[in-house]
Amino acid sequence: MKNRLKVLRAERDWTQADLAQRLEVSRQTVNAIEIGKYDPSLPLAFRISRLFRMPIEEIFDPETGL
Amino acid sequence: MNRIEDSSRASSGLGRDRRNRRLVTIWSMAWGLAFTVVAFGIKRLEWSSEATLAGVIGTSILGLGTVVAYRRFLLETDELRRKIEVEALALAFGVGVFGGLSCWLLAVSGALATKDLAFVFVAMIFTHVLGILLGYRRYS
């Protein structure tokens, strides 16, 4: 599943560690989501959605894979 | 889902995670030490049946503590780490059950020289560690 996490993070000038801290997950988790190797759980997807103030479907695209 | 969500958020992959991991290490080391002492006592010192029973009960209690600590670590750790750990556990379980039973069949048939299948448990531990290493590599 593709996502815009890296772009959204870069727009805010956050490092992966910054984002990980805000989402309360490990930096490895943020990295794995960004490169599309790991799909976040529903609770984490909602946290990401709330953090960026965007609907989940505008961040994650379920129609496309790697 | 709530418990996992809450615990994941609380852990932050930092303080609580480190504490839980340390607890797992302490419990498993205590179990390993007790197991070694009891095995040595039974095999070399020819412990009495009472001492053996007390040793086995004590070791089992420490083993139970290790399981509880590991379960807590799994529930409260970061979600990607949990996935890696669970995948490694599945791999180790497969090696232990199916590999172990295959070895047992070979031992029963006489194709395997030894009937001591303790090496299966060692193989499970190595498989678990290998699974974790491969998991971190896969998701990085």
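Can you tell me how many residues in the stretch B:117-140 are of a type in the set (Phe, Trp, Tyr), within 14 Å of chain A (Cβ to nearest Cβ) and either within 20 Å of the chain's Cα centre (by Cα) or farther than 29 Å from A:Glu34 by Cβ (or both)?
Taking the stretch B:117-140 as the starting set, the residues that turn out to be of a type in the set (Phe, Trp, Tyr) are B:119, B:121, B:126, B:136, B:139.
Next cut, within 14 Å of chain A (Cβ to nearest Cβ) only: B:136, B:139.
Then drop every residue that is not either within 20 Å of the chain's Cα centre (by Cα) or farther than 29 Å from A:Glu34 by Cβ (or both), which leaves B:136.
Residues flagged as of a type in the set (Phe, Trp, Tyr), within 14 Å of chain A (Cβ to nearest Cβ) and either within 20 Å of the chain's Cα centre (by Cα) or farther than 29 Å from A:Glu34 by Cβ (or both) within the stretch B:117-140 amount to 1.
Would you mind stating whether B:Thr114 is within 13 Å of the chain's Cα centre (by Cα) and either farther than 26 Å from A:Thr29 by Cα or not in a loop (DSSP other than H, G, I, E, B) (or both)? Working first, answer last.
Numbers: within 13 Å of the chain's Cα centre (by Cα): no; either farther than 26 Å from A:Thr29 by Cα or not in a loop (DSSP other than H, G, I, E, B) (or both): yes.
In short, no.
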Legend entry - Given (1) closer than 19 Å to B:Thr127 by Cβ; (2) out of contact with any Gly (no Cβ under 9 Å at 6 or more places or on another chain), index of the condition B:Ile84 fails: (2)
Inset, instruction - For the stretch B:52-108, name all the residues that are over 17 Å from the mean Cα position of the chain (by Cα), within 14 Å of another protein chain (Cβ to nearest Cβ) and over 22 Å from B:Arg138 (Cβ atoms). - result: B:Glu76
Inset, instruction - Sort through B:Val68, B:Val86, B:Val37, B:Val24 and tell me the only one that's buried (at least 16 other Cβ atoms within 10 Å of the Cβ) and of a type in the set (Val, Ile, Thr). - result: B:Val24
Inset, instruction - Considering only the stretch A:16-26, state which residues are surrounded by fewer than 21 Cβ atoms within 10 Å (Cβ to Cβ) and within 8 Å of chain B (Cβ to nearest Cβ). - result: A:Gln21, A:Glu24
Legend entry - Pairs where the first residue, in the stretch A:38-54, is within 11 Å of another protein chain (Cβ to nearest Cβ) and the second is assigned to a loop (DSSP other than H, G, I, E, B) and of a type in the set (Asp, Glu), C-beta under 8 Å, 6+ apart: A:Arg47/A:Glu24
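Take the stretch B:107-118 and flag every residue that is surrounded by 12 or more Cβ atoms within 10 Å (Cβ to Cβ) and either more than 13 Å from B:Val97 (Cα to Cα) or free of Cβ contacts under 8 Å to residues at least 12 places away in the same chain (or both).
B:Ala107, B:Leu112
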Inset, instruction - Would you mind stating whether B:Ala54 is part of a helix (DSSP H, G or I), in contact (Cβ under 8 Å) with a residue 12 or more places away in the chain, among the hydrophobic types (A, V, I, L, M, F, W, C) and over 27 Å from B:Gly15 (Cβ atoms)? - result: no
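FYI, it's all coordinate maths here, none of it is from the lab. Because the structure is a prediction, the values reported are computed rather than measured. No Cβ is skipped: glycine too gets one built from the backbone with ideal geometry, and neighbour counts run over all protein chains shown.
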